[in-house]
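Report on the structure given below.
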Amino acid sequence: MSAPSFLTASRLDVRLGERLVLEDVSASLNPAELITVIGPNGAGKTTFLRALAGLVASTGAITFEGADWRAMDAVARACSLAYLEQRGTIAWPLPVREIVALGRLPFGARKRDRDAVERALDACGLATIADRPATELSGGERARILLARALASDAKILLLDEPVASLDPAWQLNVMEILKAESKAGRCVVAVLHDLSLAMRYADRVLLFASGALLADAAPKDMLADGRIEGVFGVRIEAVQTNGGLVIGASLPPTA
Amino acid sequence: MSGARAKRPWSRRLSPAALTMTLCAALALLAIASLLVGPAGLSTADVLRGFTAPESVPGIIVREIRLPRLLLSLSVGAMLGLCGAALQGLLRNPLAEPAIFGAPQAAALGAAMVLYAGLADAFSFALPLAAMAGAGLSIALVVLVAGRGAHLVTMILAGLAVGTLAGAATSLVINLSPNPFAVTEIVFWLMGSFEDRSLRHVLMSVPFIAIATAMLLAAGRGYRALTLGEDVAGTLGVNVDRLRLLTIVGVSIGVGASVAVSGAIGFVGLVAPHLVRPLVGSDPQRVLIPSALTGALLLTAADIGVRLIPATSEIRIGVLTAAMGVPLFLWLVATQRAYFVGGPQ
């Protein structure tokens, strides 16, 4: 018996104008799984996340727990999925806590809302600055605020577009630990990452995109073994196991 | 955790409920003042007698002149304040207001055409309907030209063009007007005033203002979600397309109904939300009702002001609001340039 399908995309195509930016992508995403999405710039990683979030029109099937995902009510979908935008913005100088509380907008139980917001603030190291205006903080702090906003949701699916992009090394590791813990707690966490070391070290499964297609869908070890990453990125890859975990060194190939 | 919670910035400020009550109390005082001020020089006792004896001379002055004037300044002011706050919420930008869509100018054109054709007396709803159509057309045109989700600069440029075109077309209507009385009527009306308005004008505008108010208040939650951008708002369960349509239609109805009875009154929509943000914070939903009340407060105060300023003929309220609003707008442009160059960061 196969596991009951959770979030499944099959034969997903996304067209922006004349250009086919995502072509024939099929993937199933499972609960209690941390999936990292890697690929060169313009490979279709963000488009894949946006298609799953319903932000860009796509063809092909998307099902969630057996039902047609696109036909679901918008609020029901919002309760099931939290999306972190790449380089998200905050328009108004609201206190950090109120920005994080926006993650609770689709829900409605006040006590539970408050607890979830405080937990997310604590997890992302924001408790001491929870009352400061979010727009006055640094880029890294704002990135953590937006991540906390997504974490504050009860959604079973977290789609995170470059959640560690503007963070210092300590916070990159902290955030990956948070994501790992969230997946262990039963959530399906999908994160687009550019740091191959983090992507390989923490993931249960890695999706490799190139030119709008899903080239490989494998466990990190198998992904490293098959050598496709080198071809896709055009770099030489060296994987070293250190005390701190797996480290991927990338270098440009020697020019002729 | 509870210690940190007690330090919420807005708990040090007024709570929204306290601010609403304070504004309502201030409005009540201004409303009384508005009924007491006027060239007829009625005493407080006269005004009170006017309510109990409607056929007396004070009764006629209060019922036919001062009460309509008060009701219109309250409802139009509230509408303009709310429209400004709603557009700022939708566009995520504190410089937005109906005038950037050319809406008041286009509403004025619609109304001027009705005045030119002499339809205003034949059919009392012709004026508000034409003004609403003008406002709606201008906003639709700006959105169409600038494209969906356009940057504010594109919107301002498109709004400038549409507003200028509407202004030129209004000049053409005046230009072609065969009747000097119609010209005077249009020109004075364009300057904005609550002088010589009757309860008929109140009945003509207030139902539409009520509809527009309900629409824009219903959109508040969506504006709050838009703090994080259209995409994130979409994943929070907000239908952004419907929110945009609700706002555009609401603002068109509200601005049209307001301009139809008051003429062109600028800057209230821009100023009111700015005055309340330091008091209630920047949450675009929480700003809505206080902005409406502040708009009502500003316009009622301005309407008392024009009656008190000594001049050979009454200063037009649109002139006064522009004189107060333009310096503030320039100050905002100077201090918040970031919103022009890169959008909110």
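The values are calculated or read from the model by the stated rules, or taken from the named source; none is laboratory data. Everything numeric in this text was worked out from a predicted model, so none of it was measured. Here Cβ is always computed from backbone atoms with ideal geometry, including for glycine, and neighbour counts include all displayed protein chains. Calculation scope for accessible area: heavy atoms of the full protein, side chains included, ligands and nucleic acids excluded. Shrake-Rupley method; radii C 1.70, N 1.55, O 1.52, S 1.80 Å.
Numbers at a glance
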{"read-out": "Selected residue (only one of A:Thr47, A:Thr63 is β-branched (Val, Ile, Thr), touching a residue at least 40 places away in the same chain (Cβ under 8 Å) and within 13 Å of chain B (Cβ to nearest Cβ))", "value": "A:Thr47"}
{"read-out": "Scan of segment B:237-249 for residues that are in a helix (DSSP H, G or I) and either polar (S, T, N, Q) or away from chain A (no Cβ under 14 Å) (or both), ordered by number", "value": "B:Arg244, B:Leu245, B:Leu246, B:Thr247, B:Ile248, B:Val249"}
{"read-out": "Hey, B:Thr312 open to solvent by 20 Å² or more (accessible area, probe 1.4 Å) and among the hydroxyl-bearing types (Ser, Thr, Tyr) or not", "value": "yes"}
{"read-out": "Exclusive hit being farther than 30 Å from B:Asp121 by Cα, hydroxyl-bearing (Ser, Thr, Tyr) and either away from chain A (no Cβ under 11 Å) or open to solvent by 10 Å² or more (accessible area, probe 1.4 Å) (or both), set B:Ser252, B:Ser282, B:Ser258, B:Ser262", "value": "B:Ser282"}
{"read-out": "In segment A:23-38, the residues that are in a strand (DSSP E or B) and either surrounded by 15 or more Cβ atoms within 10 Å (Cβ to Cβ) or under 15 Å from the mean Cα position of the chain (by Cα) (or both)", "value": "A:Glu23, A:Val25, A:Ala27, A:Ser28, A:Leu29, A:Glu33, A:Leu34, A:Ile35, A:Thr36, A:Val37, A:Ile38"}
{"read-out": "Residue check for B:Leu27: touching a residue at least 40 places away in the same chain (Cβ under 8 Å), within 19 Å of B:Gly305 (Cα to Cα) and open to solvent by 40 Å² or more (accessible area, probe 1.4 Å)", "value": "no"}
{"read-out": "Any hit, segment A:99-119, residues being at the interface with chain B (Cβ under 10 Å from one of its Cβ atoms), touching a helix residue (DSSP H, G or I) at 6+ places or on another chain (Cβ under 9 Å) and free of Cβ contacts under 8 Å to residues at least 24 places away in the same chain", "value": "yes"}
{"read-out": "The lone exception for B:Ala85 - which of (1) open to solvent by 40 Å² or more (accessible area, probe 1.4 Å); (2) modelled with pLDDT of 85 or more; (3) within 14 Å of chain A (Cβ to nearest Cβ) it fails", "value": "(1)"}
{"read-out": "Selection within segment A:39-65 - assigned to a loop (DSSP other than H, G, I, E, B), open to solvent by 30 Å² or more (accessible area, probe 1.4 Å) and polar (S, T, N, Q)", "value": "A:Asn41"}
{"read-out": "Residue under evaluation A:Thr255, criteria (1) in contact with a strand residue (DSSP E or B) (Cβ under 7 Å, 6 or more places away or on another chain); (2) open to solvent by 40 Å² or more (accessible area, probe 1.4 Å), criterion not met", "value": "(1)"}
{"read-out": "Options B:Ser282, B:Ser313: the member that is within 30 Å of A:Pro133 (Cα to Cα), free of Cβ contacts under 8 Å to residues at least 12 places away in the same chain and over 14 Å from the mean Cα position of the chain (by Cα)", "value": "B:Ser282"}
{"read-out": "Filter result (facing another protein chain (nearest Cβ under 7 Å) and outside any helix (DSSP H, G or I)) within segment A:66-81", "value": "A:Leu81"}
{"read-out": "Answer from B:Gly192, B:Gly234, B:Gly163 - the residue that is within 14 Å of another protein chain (Cβ to nearest Cβ), out of contact with any Asp or Glu (no Cβ under 6 Å at 6 or more places or on another chain) and crowded, with 17+ Cβ neighbours inside 10 Å", "value": "B:Gly234"}
{"read-out": "For A:Ile90: the one exception among (1) open to solvent by less than 20 Å² (accessible area, probe 1.4 Å); (2) of a type outside the set (Phe, Trp, Tyr); (3) at the interface with chain B (Cβ under 8 Å from one of its Cβ atoms); (4) not in a loop (DSSP other than H, G, I, E, B)", "value": "(4)"}
{"read-out": "Residue match in segment A:203-224 (condition: more than 15 Å from the chain's Cα centre (by Cα), open to solvent by less than 30 Å² (accessible area, probe 1.4 Å) and farther than 21 Å from A:Phe48 by Cβ)", "value": "no"}
{"read-out": "Options A:Glu238, A:Glu230: the member that is surrounded by fewer than 16 Cβ atoms within 10 Å (Cβ to Cβ) and touching a residue at least 12 places away in the same chain (Cβ under 8 Å)", "value": "A:Glu238"}
{"read-out": "B:Ala214 vs. criteria within 14 Å of chain A (Cβ to nearest Cβ) and among the aliphatic types (A, V, I, L, M)", "value": "no"}
{"read-out": "Given (1) touching a residue at least 40 places away in the same chain (Cβ under 8 Å); (2) open to solvent by 10 Å² or more (accessible area, probe 1.4 Å); (3) within 14 Å of chain A (Cβ to nearest Cβ), index of the condition B:Tyr223 fails", "value": "(2)"}
{"read-out": "Scope segment A:27-76; condition at pLDDT below 95, charged (D, E, K, R) and touching a Phe, Trp or Tyr at 6+ places or on another chain (Cβ under 8 Å); matching residues", "value": "A:Glu65"}
{"read-out": "Members of segment A:94-138 found to be open to solvent by 40 Å² or more (accessible area, probe 1.4 Å) and either of a type in the set (Phe, Trp, Tyr) or part of a loop (DSSP other than H, G, I, E, B) (or both), listed by number", "value": "A:Phe107, A:Gly108, A:Ala109, A:Arg132, A:Ser138"}
